[in-house]
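Taking it in order: structure first as structure tokens, then the write-up.
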Amino acid sequence: MTAPIIRTLPELRNLTGQWQRAGERIGVVPTMGALHDGHLSLVAAAKERCERVIVTIFVNPKQFNNPDDLKNYPRTEEADARKLERFDVDALWVPDGDQMYPEHFSTNVSVTGLTDVMEGAKRPGHFDGVATVVTKLFTQTQATDAFFGEKDYQQFLVVRRMALDLDLPITVHPCPTIRDIDGLALSSRNLLLSDRARTTAPRLFEEMEAIAEGVARGEAFETLRAAAEKRLLAAGYTEVEYLSIHAQDDLAPLDAPTRPARLFAAAWLAGVRLIDNIAI
Ligand code: PAF
């Protein structure tokens, strides 16, 4: 069934108010559209846990530190609505910029610590934009549960921290990364890859797996990292921004997985920035 597309806050509140009064759990899946099977797996997880599910689509200007990235971000609202039909979601929340950031909007939500590394260090202001819009999406939808992909693992930790610190009555659930058959983590940005770049893209995940296997055999991470970076550049990647191990809970940088940890990567291929992470 086609979900109603809601574009104003009073309409949204009218719906969610009824659901709240009926004691129903409301799940929210925040997205910027260009939906793929990764997003749809979040919707499926939300449907399992909640009586009501809202998918939000808003390309949030505050989280883009590069104007070209914002301009080029894929926008596919009609196709997105069609992809959601089989899930029978209860609402699509598609606010316009004025609903989200009306004139005189002056509030910023900023999470410290977790944002000092990786995406926070490489993309100044990015996580303030994410934390600000997600705080608004949580309060706008009055959701009891939210679903985030582990593909953006740092984002999941930042959002969970923000919700705990601000006493928002919501549980933030992580959901596993969904990969294409060749291992490439699904991402809306994959749509921007040329056919040629798309065939090279899975090398990132392959090299990450090779590092994880090497570390498991007791080899030194730095040696494995340097060799993987060299091979990625030879394959056609133009820059590896980071390929690093961080603790799974607080993202402290580690030389080796001496406590539960993940291997994180960000790399450029044909003008597209890809990120990924795996347990190590
Ligand atoms: O992961 C995303 O698509 C975005 O960062 C989010 C969570 C929808 C906030 O704009």
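The values are calculated or read from the model by the stated rules, or taken from the named source; none is laboratory data. Keep in mind the model is a prediction, meaning the values are calculated, not measured. Please note: Cβ atoms are built from the backbone with ideal geometry, for glycine as well, and neighbour counts cover all protein chains shown. Ligands, DNA and RNA are stripped out before the accessible areas are found, and what is left, the full protein with its side chains, is counted by its heavy atoms. Shrake-Rupley method; radii C 1.70, N 1.55, O 1.52, S 1.80 Å.
Any idea what the dipole of the chain comes to, in debye rounded to 20, about its Cα centre with Lys/Arg Cβ at +1 and Asp/Glu Cβ at -1? Numbers along the way, then the final one.
Numbers: 31 positive and 40 negative charges, 43 e Å.
Here the chain has a charge dipole of around 200 debye.
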Worksheet item: To the nearest 10 degrees, how steeply does helix 153-165 sit against the main Cα axis of the chain, on a 0 to 90 scale?
Response: 50 degrees
Item to complete: Rounded to the nearest 10 degrees, what's the angle between the helix 126-141 long axis and the longest principal axis of the chain, both from Cα atoms, 0 to 90?
Response: 30 degrees
Practice prompt. Specify which residue in the list ASN60, TYR73, ILE26 is farthest towards the positive end of the charge dipole of the range 1-121, using unit charges on the beta carbon of Lys, Arg (+1) and Asp, Glu (-1), about the Cα centre.
Written response: ILE26
Worksheet item: Sorted by accessible area (1.4 Å probe), largest first, how do ASP80, ASP68, ASP195 line up?
Response: ASP195, ASP68, ASP80
Discussion item. Show me, bin by bin at 5 Å from 0, the whole-percent P(r) of the range 54-157 based on Cα pairs.
Written reply: 2, 10, 18, 23, 23, 15, 7, 2
Fill in: Accessible area per residue in Å² at 1.4 Å probe, computed on the range 163-278
50 Å²
Discussion item. Give me a comma-separated list of calculated 3J(HN,Hα) values for the range 169-175, in order, Karplus coefficients 6.51, -1.76, 1.60 applied at θ = phi - 60°, integers in Hz, x for any Gly or Pro.
Written reply: x, 9, 9, 9, 9, x, 10
Worksheet item: Using +1 on the beta carbon of Lys and Arg, -1 on that of Asp and Glu, and nothing else charged, what's the dipole of the range 60-140 about the Cα centre, debye to 20?
Response: 220 debye
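Taking the convex hull of the Cα atoms, report for the chain its projected area averaged over all directions, in nm².
Working: hull surface 59.6 nm².
So the Cα hull casts an average projection of 14.9 nm².
Quick check: at a probe of 1.4 Å, how many percent of the accessible area of the range 104-223 sits on carbon and sulfur atoms?
Numbers: 2830 of 5540 Å².
It is 51 percent, rounded to a whole number.
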Worksheet item: Roughly how many whole Å is it from the C-alpha centroid of the range 84-119 to that of the range 1-43?
Response: 13 Å
Worksheet item: Put +1 on the Cβ of each Lys and Arg and -1 on the Cβ of each Asp and Glu in the chain; which of VAL94, PHE221, ILE280 then has its Cα farthest toward the positive end of the dipole?
Response: VAL94
Worksheet item: Under a 1.4 Å probe, what is the accessible area of the range 1-53 per residue, stated in Å²?
Response: 50 Å²
Fill in: Accessible area (Å², 1.4 Å probe, nearest 10) - PHE221
20 Å²
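Largest first, how would ARG198, ARG7 line up by accessible area (1.4 Å probe)? Each step should come with its number before you reach the end.
Values: ARG198 55, ARG7 105 Å².
Greatest to least solvent exposure: ARG7, ARG198.
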Discussion item. Give me the percent relative contact order of the chain, please, defined on Cα pairs under 8 angstrom at least 6 residues apart.
Written reply: 17 percent
Discussion item. Of the candidates ARG160, ARG25, ARG82, which one comes out as most mobile in a Gaussian network treatment of the chain with C-alpha springs shorter than 10 Å?
Written reply: ARG82
Worksheet item: With point charges of +1 on the Cβ of Lys and Arg and -1 on the Cβ of Asp and Glu, referenced to the Cα centre of the range 1-142, which listed residue (HIS36, ASN108, THR139) lies farthest in the positive direction of the dipole?
Response: THR139
Response to the item:
Kirkwood calc, the range 117-238, C-alpha pairs only, radius in angstrom 16.9 Å
Worksheet item: Helix 203-216 versus the longest principal axis of the chain: what is the Cα-based angle in degrees, 0 to 90, to the nearest 10?
Response: 70 degrees
Discussion item. I'd like the accessible area for HIS39: 1.4 Å probe, protein heavy atoms, all chains in place, Å² to the nearest 10.
Written reply: 30 Å²
Discussion item. Compute, for the range 96-214, the length of the dipole vector about the Cα centre, with Cβ point charges of +1 (Lys, Arg) and -1 (Asp, Glu) only. Units Debye, rounded to 20.
Written reply: 140 debye
Practice prompt. Quick one: accessible surface of LYS230, probe radius 1.4 Å, all protein chains present, in square angstrom to the nearest 10.
Written response: 150 Å²
